[in-house]
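To start, the structure itself, in structure tokens.
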Amino acid sequence: QVQLVESGGGLVQAGDSLRLSCVASGRSFSRLALGWFRQAPGKERECVAAIMWSGSSTYYAGSVKGRFTISRDNAKNTVYLQMNSLKPEDTAVYYCAADAAVYFRPTGPYDYWGQGTQVTVSS
């Protein structure tokens with residue numbers, strides 16, 4: 001089992017930056033692929049970024065490429081999502097997820113999920 005706890009969400013203005021963090025406990029963190037998903041009201045959940053267990057490969061949705069950066073610190077059991085140049089359309093609940101598969105499958109399915117953190121971007 002893996003427990004995931006996100007933090008760092010909040011209310012910001014368009015153009016601002018936020019950094020989300022997700023701390024994992026339980027199963028060996030360094031063997032997990034990690035992803036950040038988001039879900040806005042009335043919309044389907046989408047994968048915005050993912051990172052391989054080694055950090056050597058990453059994935060970004062087209063809507064965030066060039067603005068968001070995913071990274072991980074295996075020593076701290078933490079994955080980050082640096083979000084720059086935020087837009088109102090980035091408003092959503094952001095979820096951290098972990099995948100124990102041996103191969104990298106960025107958009108899932110994922111095995112473990114956090115409870116989510118709200119990000120609201122005002123215009």
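For every residue, the table says whether it meets (1) among the basic types (K, R); (2) modelled with pLDDT under 95; (3) part of a strand (DSSP E or B); (4) touching a strand residue (DSSP E or B) at 6+ places or on another chain (Cβ under 9 Å).
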residue	(1), (2), (3), (4)
V5	no, no, yes, yes
V12	no, no, yes, yes
D16	no, no, no, yes
R19	yes, no, yes, yes
C22	no, no, yes, yes
V48	no, no, yes, yes
W53	no, yes, no, yes
S56	no, yes, no, no
Y59	no, no, yes, yes
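For T117, the conditions (1) out of contact with any helix residue (DSSP H, G or I) (no Cβ under 9 Å at 6 or more places or on another chain); (2) at positive phi; (3) surrounded by 13 or more Cβ atoms within 10 Å (Cβ to Cβ) all hold with the exception of (2). V102 falls short on exactly one of the conditions (1) aliphatic (A, V, I, L, M); (2) surrounded by fewer than 18 Cβ atoms within 10 Å (Cβ to Cβ); (3) touching a residue at least 40 places away in the same chain (Cβ under 8 Å); (4) farther than 20 Å from G8 by Cβ, and that condition is (3). Residues in region 39-62 that are over 14 Å from the mean Cα position of the chain (by Cα) and hydroxyl-bearing (S, T, Y): S54, S56, S57.
Among the residues making up region 85-123, a single one is under 14 Å from R19 (Cα atoms), part of a loop (DSSP other than H, G, I, E, B) and of a type in the set (A, V, I, L, M): L86. The residues of region 37-84 that are touching a Cys at 6+ places or on another chain (Cβ under 6 Å) and within 14 Å of G116 (Cβ to Cβ) amount to a single one, F37.
Of all residues in region 73-99, those satisfying the criterion of being open to solvent by less than 40 Å² (accessible area, probe 1.4 Å) and of a type in the set (D, E, K, R) are D90, D99. Checked against the criterion of being open to solvent by 70 Å² or more (accessible area, probe 1.4 Å), within 16 Å of Q118 (Cα to Cα) and not aromatic (F, W, Y), the candidates Q13, Q1 yield just one match: Q13. Exactly one residue among R19, R31, R38 is within 16 Å of G108 (Cα to Cα) and exposed (fewer than 15 other Cβ atoms within 10 Å of the Cβ), and that residue is R31.
The values are calculated or read from the model by the stated rules, or taken from the named source; none is laboratory data. Just so we're clear, the structure is a prediction, and the values are computed from it rather than from any experiment. Quick reminder, even Gly has a Cβ in these numbers, built from the backbone with ideal geometry, and neighbours come from all protein chains shown. We work out accessible area using only protein heavy atoms, side chains counted, and drop any ligands, DNA or RNA first. Shrake-Rupley method; radii C 1.70, N 1.55, O 1.52, S 1.80 Å.
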